[in-house]
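Read through the structure below, which is laid out as structure tokens, and then see the notes.
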Amino acid sequence: MKYDFTGIESKWQKKWDDEKAFCASNGGERPKFYVLIEFPYPSGTGLHVGHPRPFTAMDIVARKRRMQGFNVLFPIGFDAFGLPTENYAIKNKIHPAAVTRDNIAKFTGQLKRLGYSFDWERCVDTTDPSYYKWTQWIFLKMFDAGLAYKALIPVNWCTSCKCVLANEEVVDNVCERCGADIVRREKSQWMLKITKYAQRLIDDLDTVDYVERVKAQQRNWIGRSVGARIDFMTTSGDTIQVFTTRQDTLYGATYMVMSPEHPLLQKWTLDNPDEIKAYQALAAKKSDFERTELVKEKSGVELKGIRAVNPVTNKEIPIFISDYVLASYGTGAIMAVPGHDTRDWEFAKIYNLPIVEVVSGGDISKEAYVDCDSGIMVNSGILNGLSVEDAKVKITKWLAKEGLGEETVNFKLRDWVFSRQRYWGEPIPIVNCEKCGYVPLSESDLPLLLPEIENYETTETGESPLAAMTDWISTVCPKCKGPAKRETDTMPQWAGSSWYFLRYTDPHNDTALAGRDALSYWTPVDWYNGGMEHTTLHLLYSRFWHKFLYDIGVVPTAEPYNKRTSQGMILAEDNQKMSKSRGNVINPDDYINEYGADTLRLYIMFIGDFEKTAAWSSQAVKGCKRFLDRIWNLAADGAILKDADSSHEAAIHRAIKKVGNDIENLKFNTAIATLMALVNDFYITPPTQGDYKVLLTLLSPFAPHIAEELWEMQGFGGYAAKEAWPEHDESKTIEAQIEIAVQVLGKLRSTIKVPPDCDDDFLIEKAKADEKIARHIEGKQITKTIVVKNRLVNIIVC
RNA sequence: GCUGGUGUGGCGGAACAGGUAGACGCCCGGGACUUAAAAUCCCGUGAGGGCAACCUCGUGCCGGUUCGAUUCCGGCCACCAGCACCA
């Protein structure tokens with residue numbers, strides 16, 4: 001009988017569906033285990049071959065943990081709001097909700113064809129009003145807590161789409177959608193105060209088990225630096241505040257630089273206003289991309305008529321504006337220390353400004369002496385002779401005493417721009433009242449439904465398509481009942497995904513985002529795997545939301561995820577990223593049709609180190625199909641021994657140990673290699689039914705359909721998927737005869753076969769007696785012998 | 001520049017509390033079965049030398065520690081990813 005994967009796979013998929021085989025229960029005797037994958041965005045093109053890598057990996061973990069007796073929650077849902085759906089809807093004149101429905105149906109079919117053990121009863125859809133009601137509810141809570149606010153900020157404006165783009169939607173300074181130029185525009189936007197959580201988002205990384213590259217990237221993005229705020233008086237009687245991490249170099253501050261957007265510039269009357277305005281206009285025209293290009297020479301304009309005073313030297317120093325100082329970081333102004341900062345040094349050279357050495361050890365006539373931690377303070381008044389470290393402490397104390405500054409922590413992290421001028425997103429549940437200002441809807445008014453509209457096109461004015469819905473917009477103020485207007489922007493795609501893992505614990509609850517008991521039972525997520533591309537977006541955003549929900553008593557833990565791992569990307573066969581334009585996209589359906597889902601699952605796990613990028617090979621897939629054929633044929637050819645003693649005991653116990661450990665350590669490729677080696681053994685010496693049963697048990701998480709079918713054919717009873725995961729016996733992992741390497745002078749010269757755990761003298765004698773070894777030591781004096789138990793003997797001669 | 005990571009056969013990759021380098025798979029070669037082919041099964045497959053037994057070399061480069069280094073240490077080089085005029 002041939003291995004008919006198509007029939008087998010649909011048979012078991014139907015059975016799993018009918019029996020709701022993998023649904024979790026909230027509670028019970030067994031320990032809980034919550035495994036999470038990033039829920040997919042249901043695009044029109046369907047699953048691509050990148051999806052099955054993390055999905056299969058976590059399915060294997062979920063299945064193995066179930067077999068080990070855990071109550072496993074392995075849920076699935078769809079992150080369905082977003083731009084591609086909206087674009088598709090515009091182009092094809094179909095309502096985005098209909099597009100979403102179709103795409104979810106398509107994805108569901110594809111996911112089921114891969115045999116994933118999801119709990120489909122808990123499936124969530126972020127565009128479902130019963131779901132986004134709670135997304136809006138969280139927003140209202142944030143508004144109440146002062147974490148959601150509206151602000152006029154510079155945004156990325158696409159000149160062709162006539163709408164705002166998120167930073168991540170701008171690629172190489174053009175719109176990722178249409179390729180048009182991006183300019184900066186001031187726009188009033190809803191913001192979320194993620195910066196309030198910056199310190200905790202860093203600190204609590206120490207409490208979770210994330211792979212190091214994820215932690216490092218988040219720390220880097222949040223960008224904490226410790227320094228000081230220092231106040232510089234000006235001749236106009238104002239104060240310019242600066243942030244510096246090098247307060248020790250204050251005596252070397254010979255000029256100041258402000259960003260062209262600094263608010264004091266509007267206040268001041270200067271002697272060269274035209275020159276300044278011209279520079280400001282130039283800077284405003286430039287995009288962030290151009291402004292941050294390193295190659296260009298620094299430029300700036302000196303402010304004529306107003307100077308600053310260095311608080312320690314009491315010298316008057318010039319003030320410049322330059323776009324190398326960013327308005328959005330620190331205070332938007334710096335003290336320039338050209339002796340010990342490369343940028344300041346370059347600027348000083350161009351404008352002929354004094355360069356003073358305040359830390360000895362470098363040669364400031366050639367370049368700024370920056371890495372000067374080991375240097376000694378000079379030309380620095382009260383700091384002279386101190387180390388850099390001590391100087392920092394001393395000057396900071398002095399500044400505090402004089403009321404001229406204090407120690408400060410600064411972050412790179414910015415608040416989250418939360419408005420999108422789009423239709424297909426969650427409406428922001430706020431009204432703008434002429435009298436009361438921004439007023440939140442009351443909870444009982446949620447969900448605020450997305451109205452049905454005819455036209456989803458963005459408008460000429462850059463407002464949301466909802467802005468044209470005058471009926472919908474006009475409303476009454478919840479507070480004063482006077483006339484008010486609804487907010488027409490919607491939430492970004494990252495909103496719904498910031499809390500979806502909470503909804504899975506209690507997906508049908510209509511009185512809370514999830515019940516307290518359900519949250520206490522399931523959270524935190526035990527293991528969350530997802531893409532590196534979400535490290536500083538979704539992963540950070542959801543940690544922020546979770547911490548907020550923790551603060552207001554909604555969730556029981558400060559962190560949402562205990563463990564975070566990340567898969568590598570799958571490249572196309574040509575080693576390039578898959579893309580429609582390159583025409584190298586691999587569709588998993590084609591491989592399921594040709595080889596079956598079990599083969600595809602195996603191959604995608606066997607392709608290489610799970611955490612590294614791997615290139616697809618249509619040739620190598622065959623090897624995994626052959627492996628399954630060989631397992632199938634063992635049974636079909638009647639090679640399995642009944643009523644016999646196993647000659648594979650040691651190999652079986654080693655395989656149990658290795659496969660189990662490998663799954664927990666994401667080493668799926670070597671787990672599969674172990675199973676392949678075991679099957680190769682079975683072809684040399686036939687397995688007993690007991691051996692075969694263990695093989696199927698270990699195979700079951702990887703290739704669940706064929707494992708189940710063979711299990712049934714062998715009459716093992718029940719399901720392979722519900723079989724207890726076998727335990728290995730360490731004492732049985734060692735063969736009766738082991739091979740030991742024999743070296744002479746550290747070079748392998750022979751091997752000997754001996755029983756395990758022989759004593760050293762026996763091994764040495766046995767090694768010396770070996771014919772090949774005898775030849776190598778003949779006529780030489782043995783000075784030393786080294787024995788490594790059960791591994792090798794090394795004979796040293798001279 | 002900063003941060004994290006990676007360099008091993010023709011290819012994907014194993015092995016690292018230092019201990020038989022190349023598991024497993026792909027490709028390729030040979031054989032069995034077959035009228036033949038496919039499929040399947042068996043054997044071989046790092047490089048060089050030798051009829052062979054064997055020998056020499058070999059884990060990015062240069063050094064070091066060690067009986068023994070892909071693994072540890074020092075110094076380089078290359079590549080990948082993220083951030084980047086962040087004061």
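Here is how the numbers come out for the structure above:
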item: The lone exception for A:P338 - which of (1) buried (at least 20 other Cβ atoms within 10 Å of the Cβ); (2) in contact with a helix residue (DSSP H, G or I) (Cβ under 7 Å, 6 or more places away or on another chain); (3) over 21 Å from A:G300 (Cβ atoms) it fails; result: (3)
item: Given (1) open to solvent by 50 Å² or more (accessible area, probe 1.4 Å); (2) more than 26 Å from the chain's Cα centre (by Cα); (3) within 13 Å of RNA strand B (Cβ to nearest atom), index of the condition A:S581 fails; result: (3)
item: Pair list, Cβ < 8 Å and 6+ apart or interchain, from segment A:100-124 residues that are assigned to a loop (DSSP other than H, G, I, E, B) to residues that are acidic (D, E) and open to solvent by 30 Å² or more (accessible area, probe 1.4 Å); result: none
item: Count - residues of segment A:275-299 that are among the basic types (K, R), assigned to a loop (DSSP other than H, G, I, E, B), within 19 Å of A:F347 (Cα to Cα) and at pLDDT below 80; result: 1
item: Number of the condition not met by A:F70 [criteria: (1) buried (at least 22 other Cβ atoms within 10 Å of the Cβ); (2) over 13 Å from A:Y41 (Cβ atoms)]; result: (1)
item: Members of segment A:641-686 found to be more than 30 Å from A:Q567 (Cα to Cα), buried (at least 19 other Cβ atoms within 10 Å of the Cβ) and in contact with a Ser or Thr (Cβ under 8 Å, 6 or more places away or on another chain), listed by number; result: A:H648
item: Residue count, segment A:682-693 (criterion: near RNA strand B (Cβ under 10 Å from one of its atoms) and either out of contact with any Asp or Glu (no Cβ under 9 Å at 6 or more places or on another chain) or assigned to a loop (DSSP other than H, G, I, E, B) (or both)); result: 2
item: Qualifying residue in segment A:247-268 (condition: of a type in the set (F, W, Y) and within 11 Å of RNA strand B (Cβ to nearest atom)); result: no
item: Some residue of segment A:585-598 being touching a Phe, Trp or Tyr at 6+ places or on another chain (Cβ under 9 Å), open to solvent by less than 40 Å² (accessible area, probe 1.4 Å), within 14 Å of RNA strand B (Cβ to nearest atom) and under 22 Å from A:V659 (Cα atoms); result: no
item: Test: residue in segment A:446-460 that is part of a loop (DSSP other than H, G, I, E, B) and in contact with an Asp or Glu (Cβ under 7 Å, 6 or more places away or on another chain); result: yes
item: Flag if A:I376 is β-branched (V, I, T), open to solvent by 10 Å² or more (accessible area, probe 1.4 Å), at negative phi and more than 15 Å from RNA strand B (Cβ to nearest atom); result: yes
item: Segment A:341-358: number of residues that are open to solvent by 40 Å² or more (accessible area, probe 1.4 Å), among the hydrophobic types (A, V, I, L, M, F, W, C) and assigned to a loop (DSSP other than H, G, I, E, B); result: 2
item: Filter result (open to solvent by 60 Å² or more (accessible area, probe 1.4 Å) and either among the aliphatic types (A, V, I, L, M) or over 20 Å from A:S474 (Cα atoms) (or both)) within segment A:410-442; result: A:K412, A:R414
item: Residue match in segment A:704-721 (condition: assigned to a loop (DSSP other than H, G, I, E, B) and either open to solvent by 70 Å² or more (accessible area, probe 1.4 Å) or aliphatic (A, V, I, L, M) (or both)); result: no
item: From A:D551, A:D629, A:D574, residue being at pLDDT 95 or above, out of contact with any helix residue (DSSP H, G or I) (no Cβ under 8 Å at 6 or more places or on another chain) and more than 10 Å from RNA strand B (Cβ to nearest atom); result: A:D551
item: Search result, residues across segment A:754-771 that are loosely packed, with under 13 Cβ neighbours inside 10 Å and either near RNA strand B (Cβ under 9 Å from one of its atoms) or among the β-branched types (V, I, T) (or both); result: A:E771
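The values are calculated or read from the model by the stated rules, or taken from the named source; none is laboratory data. From a predicted model like this one, the values you see are computed outputs, not experimental measurements. Cβ: placed from backbone, ideal geometry, glycine included. Neighbour counts: every protein chain shown. Just so you know, the surface numbers come from the protein's heavy atoms only, side chains and all, with ligands and any DNA or RNA stripped out. Shrake-Rupley method; radii C 1.70, N 1.55, O 1.52, S 1.80 Å.
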